[in-house]
Amino acid sequence: MARRVSNRRKTLVTIVAWAVGIAIFFPILWTILTSFKTEAEAIASPPKFLFFDWTLENYAEVNSRSNYFLHFMNSVIISVGSTLLGLAIAIPAAWSMAFVPGKRTKDVLMWMLSTKMLPPVGVLIPIYLLFRDSGLLDTRLGLVIVLTLINLPIIVWMLFTYFKEIPGEILEAARMDGAGLWEEVVHVLTPMAVPGIASTLLLNIILAWNEAFWTLNLTAAKAAPLTAFIASYSSPEGLFYAKLSAASTLAIAPILVLGWFSQKQLVRGLTFGAVK
Amino acid sequence: MGKISLKNVTKAFGEAMVIPSLDLEIEDGEFVVFVGPSGCGKSTLLRLIAGLEDVTSGVIEIDGRDATEVPPARRGLAMVFQSYALYPHMSVRKNIAFPLKMAKMDAAEQERRVTSAAKILNLTDYLDRRPGQLSGGQRQRVAIGRAIVREPAAFLFDEPLSNLDAALRVNMRLEISELHQSLATTMIYVTHDQVEAMTMADKIVVLHAGRIEQVGSPLDLYRSPANRFVAGFIGSPKMNFISGAEAGKHGAHTIGIRPEHLALSTTEGAWQGKVAVAEHLGSDTFLYVNVNGMDPLTVRTQGEAGIHHGDTVYISPDAEHLHRFDASGKTI
């Protein structure tokens, strides 16, 4: 009896999980399908699902009209750069908060997180003016800096939770063995936190890759990443759904591939403390 | 060389005074055991010597030099932790070589020392394994190996055997004692287990609430405890304490008598009582006897006593081994 109930439950949970998964994935699937349609078929009603004339003309058009490779490289530089810079700042910060906490450490952590609750548009004007006056508008360096700052609270929080899992006695043992602070971080702490650092790295590359608010507002052409590349296909000449879809597919493909190959690492990292 | 002196050392965590002013001399080559109930400050004291905690006031000298402000890495001491604290991402070989690597010793010398430590500790076959693939006893040996390769001025052990099962604990106890015999290096060993203290130490330091109650050789403490706390802490089973009229007869507030110093008879004796529990260990029998007007007494007899629950017995204290304490607990 108990077995039958649990089987029925299992089936139900599986169905719900698939339904949620398909609902989440559907827009992406639809975008990919639309990118292979002609503009006329893209807006056909009722919509055609799989039976249409498959064509690559949108990709050819998008490729001839804009420089995909430039935007792709911008995305890579901005997301990887901001993540590495963020890690360089966050590793020592999280170390000190995890292993030599002060009275206000908890407050500092909360305060850092609270900056994520502020709507970005609230600081758009001051940041825009700062960027304009310091010549950072439409530069990769400027975007690296702003995305580092935006994701830093998440990086510090994630690393802090991973570091918390490392027993303090092991670091004390390293100290007794003659390791200075630097050697302790390089030879003991960092290698032990590699799974955590790796998943933080992956998650932040994805977050930075997808970030659209700042990348759209602070770039024009030179430093524009793939988000701006997609946006350039939306409004001015009316909506061309098929071309927009082709651009979107080109923009999300690299990160989808990265996510696909690193999903094991990501899930393991995100549940690091919880399922020990 | 490993002579360690503590002068007027105190330690407070915020408002809480964990160690009020304390003086202690540890001679070179001595095996010193800090023993006391949990929370008595014995681990804190060890960590102060290691440099993992800062003293609130006072001076710590190692080999005559003031080491109070010296960071742990440069005190020349090696420590073995309760949790072993091995580096999980390194092989046994790398774990043991880590302190040598930190000292920037050349590779050939590192290899020579690791090999010889592994030989002493029977770890030669495990050098390429990770700590996760070892048993508790082997991990403990790796931790000791990591300590001995440095040839430190002194070894610090923080309850190193408490994660091991009983049989292994006895083995490791012997191994550590043998290691001390062969290295003749100062060892400071923290434990809450008075049996470990009695069996291993040259000198026992009994701590209670951050204070030193008594310092002495194991048999000194057993034969002439300075006060009631030490009398009750050292020896197993515990010393019996009797207060009131019976103590008054001996001119004391409390008298103490060890279970092995009570003579048992089924016919006559000083006190009459009923056996509540009899524990038969084969070599010994422990009897817990209810006597009118006293707390239950523990009696130890050799061999099999042939006495069981509910039997009436007579108990007589051996006057030569009677301990007398005043109202404050001090030995008279």
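Whether a residue is away from chain A (no Cβ under 14 Å) and either in contact (Cβ under 8 Å) with a residue 40 or more places away in the chain or within 30 Å of B:L45 (Cβ to Cβ) (or both) was assessed, and B:G132 does not pass this test.
Do you know which of the residues in the stretch B:180-191 that are of a type outside the set (G, A, S) and surrounded by fewer than 19 Cβ atoms within 10 Å (Cβ to Cβ) is nearest to B:K3 (Cα to Cα)? Looking at the filtered set, the residue picked out is B:L183.
In summary, A:F240 fulfils each of the numbered conditions (1) without any contact (Cβ under 8 Å) to a residue 24 or more places away in the chain; (2) more than 14 Å from chain B (Cβ to nearest Cβ); (3) farther than 17 Å from A:F72 by Cα with the single exception of condition (1).
Run down A:T139, A:T105, A:T83 and say which single residue is at pLDDT 85 or above, within 15 Å of the chain's Cα centre (by Cα) and either surrounded by 14 or more Cβ atoms within 10 Å (Cβ to Cβ) or over 30 Å from A:P195 (Cα atoms) (or both). Outline the logic, then answer.
On the way: A:T139 fails: within 15 Å of the chain's Cα centre (by Cα); A:T105 fails: within 15 Å of the chain's Cα centre (by Cα).
From the options A:T139, A:T105, A:T83, the qualifying one is A:T83.
The helices (runs of 4 or more DSSP H) falling completely within the stretch A:145-255 that include 2 or more residues that are under 30 Å from B:F98 (Cβ atoms), of a type in the set (S, T, N, Q) and within 17 Å of the chain's Cα centre (by Cα) map to A:194-210. Scanning the stretch B:151-166 for residues that are surrounded by 18 or more Cβ atoms within 10 Å (Cβ to Cβ) and of a type outside the set (D, E) yields B:P152, B:A153, B:A154, B:F155, B:L156, B:F157, B:P160, B:L161, B:L164. Checked against (1) within 14 Å of chain A (Cβ to nearest Cβ); (2) of a type outside the set (S, T, Y); (3) under 27 Å from the mean Cα position of the chain (by Cα), B:P88 passes all but a single condition, namely (3). Kindly evaluate B:S135 against the criterion of being surrounded by fewer than 15 Cβ atoms within 10 Å (Cβ to Cβ), of a type in the set (S, T, Y) and at pLDDT 90 or above. So B:S135 does not fit the description; no.
Of everything in the stretch B:275-295, what is of a type outside the set (A, V, I, L, M) and surrounded by fewer than 15 Cβ atoms within 10 Å (Cβ to Cβ)? Give them in sequence order. Hits for the stretch B:275-295 are B:E279, B:G282, B:S283, B:N290, B:N292, B:G293, B:D295.
Annotation: of all residues in the stretch A:257-276 being aliphatic (A, V, I, L, M), modelled with pLDDT under 85 and assigned to a helix (DSSP H, G or I), the one that is nearest to A:E61 (Cα to Cα) is A:L266. The set of residues in the stretch A:17-60 that are in a helix (DSSP H, G or I) and either of a type in the set (S, T, Y) or more than 28 Å from A:S248 (Cβ to Cβ) (or both) comprises A:T31, A:T34, A:Y59.
The values are calculated or read from the model by the stated rules, or taken from the named source; none is laboratory data. Since the structure is predicted, the reported quantities are computational estimates derived from the model, not experimental observations. When we count neighbours, we look across all protein chains shown, and the Cβ atoms used for this are built from the backbone with ideal geometry, even at glycine.
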